[in-house]
Amino acid sequence: MKLIDGKAIATQIKEEIKAEVAAILDADMRGPHLAAILVGDDPASQTYVASKEKASREVGMTSSIYKFSDKVAEKELLEVIAFLNGDPEIDGFIVQLPLPKHIDVDKVICSIDPSKDIDGFHPENVGRLASGMEGFLPATPAGIVELLRRCDIETEGKHCVVLGRSNIVGTPMALLMSRKANPGNATVTLCHSKTANLKEICRSADILIAAIGQQEFVTAEMVKEGAVVIDVGIHRVPSKETKSGYRIVGDVAFDEVSEKCSFITPVPGGVGAMTIVSLLLNTLKAYKGKISTV
Ligand code: GUN
């Protein structure tokens, strides 16, 4: 079994981005600038946004966070989005999800300028992905594709099973693996809560991507000998063995599954590390797109 070291690959890509940003700044040009809108005080969202800000500073990009209480009116959020859409100094931005229930998330996503949509959630970018056109790819699936590419994992003609059909991971992941590209060209099965014979389908996977949001859901009996296993889950579970009082596990029962597969991503240090890097790459892409049209 080979461990897919997402952390090491992410560090390497961050160095590549840092060099590119340094060259831009050395040429006395304005550097790339990304922004994040954070609503409420959900701890996971706060952690994600703080990590995004830290990573952008590490590579020399400018980053801004717009924070709002969970009581913020939808109208106010839409006004901030309109402001960011129009600000020529902002190359791309994200609205951290989930949003409070009184806010229409579809309306919010549709109000983002697709050319600044570095999360790739706007229907125009989703449509571009589905049509095989150039656009912004959602960060987690894009990060997984990059891991497969950098680990030289063959995907063409393979059976790829994706567990979970979320707009953020499962659905774009299935589209990416099936499109005419490398990595890609796989035969994809997208499984969800209503799928019959889930275990049998998983057992037939050459590449199994778990984004189902249930801790240690994928067990050894669901995995074919020699399969590639990608774990998107992040769950905190209480632990007496760590100082913090908890440990992080994924959607895959790592100890038993790792004995059967050819490649596996650890949690933490696998997919998670790549997600932020993909967002930085999208910011750079948004920046260059703007610069080239000026
Ligand atoms: N919430 C969980 N993952 C994501 C993500 O990739 N982007 C945004 N905006 N919100 C999220």
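The values are calculated or read from the model by the stated rules, or taken from the named source; none is laboratory data. Computed from a predicted model, the values in this text were never measured in an experiment. Here Cβ is always computed from backbone atoms with ideal geometry, including for glycine, and neighbour counts include all displayed protein chains.
Picking from residues in the stretch 224-247 that are under 19 Å from Ile144 (Cα atoms) and out of contact with any Cys (no Cβ under 6 Å at 6 or more places or on another chain), the one that is surrounded by the most Cβ atoms within 10 Å (Cβ to Cβ) is Val232.
Of the residues making up the stretch 175-227, just one is under 22 Å from Gly272 (Cα atoms) and hydroxyl-bearing (Ser, Thr, Tyr), namely Thr219.
Among residues of the stretch 24-59 being within 21 Å of the chain's Cα centre (by Cα) and small (Gly, Ala, Ser), the one that is modelled with the lowest pLDDT is Ala44. Do any residues in the stretch 226-254 that are touching a residue at least 12 places away in the same chain (Cβ under 8 Å) have Cβ atoms under 8 Å from those of residues that are of a type in the set (Phe, Trp, Tyr) and in a strand (DSSP E or B), where the two are at least six apart or on different chains, and which pairs are they? As it stands, the answer is Val228/Phe263; Val229/Phe263; Arg236/Tyr246; Val237/Tyr246, since those pairs meet every condition given.
Yes/no matrix, rows are residues, columns are (1) in contact with a helix residue (DSSP H, G or I) (Cβ under 8 Å, 6 or more places away or on another chain); (2) part of a helix (DSSP H, G or I):
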site	(1), (2)
Ser45	no, yes
Gly60	yes, no
Lys71	no, no
Glu76	no, yes
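Within the stretch 249-267, being buried (at least 24 other Cβ atoms within 10 Å of the Cβ) and not hydrophobic (A, V, I, L, M, F, W, C) holds for Gly250, Asp251, Thr265. Cβ-Cβ distances below 6 Å connect the following pairs, each with a first residue in the stretch 44-68 that is touching a residue at least 40 places away in the same chain (Cβ under 8 Å), a second residue that is more than 13 Å from the ligand (Cβ to nearest atom) and part of a strand (DSSP E or B), and a separation of six or more residues or different chains: Ser56/Ser63.
The single condition among (1) away from the ligand (no atom under 16 Å from the Cβ); (2) within 24 Å of Ala10 (Cα to Cα); (3) not in a helix (DSSP H, G or I) that Arg149 does not satisfy is (3). From Ala130, Ala50, grab the single residue that is more than 13 Å from the ligand (Cβ to nearest atom), under 24 Å from Ala210 (Cα atoms) and surrounded by fewer than 16 Cβ atoms within 10 Å (Cβ to Cβ). Among Ala130, Ala50, only Ala130 is more than 13 Å from the ligand (Cβ to nearest atom), under 24 Å from Ala210 (Cα atoms) and surrounded by fewer than 16 Cβ atoms within 10 Å (Cβ to Cβ). Glu124 meets all of the listed conditions (1) outside any helix (DSSP H, G or I); (2) over 27 Å from Gln12 (Cβ atoms); (3) in contact with a strand residue (DSSP E or B) (Cβ under 8 Å, 6 or more places away or on another chain) but one, namely (1). Taking the listed residues Ile112, Ile118, Ile168, the one that is surrounded by fewer than 21 Cβ atoms within 10 Å (Cβ to Cβ), aliphatic (A, V, I, L, M), within 16 Å of the ligand (Cβ to nearest atom) and under 26 Å from Leu77 (Cα atoms) is Ile168, with no other qualifying. Contact map, the stretch 80-98: first residue in a loop (DSSP other than H, G, I, E, B), second residue within 16 Å of the ligand (Cβ to nearest atom) and among the basic types (Lys, Arg), Cβ cut-off under 8 Å, separation 6 or more or different chains; pairs are Ile90/Lys116; Asp91/Lys116.
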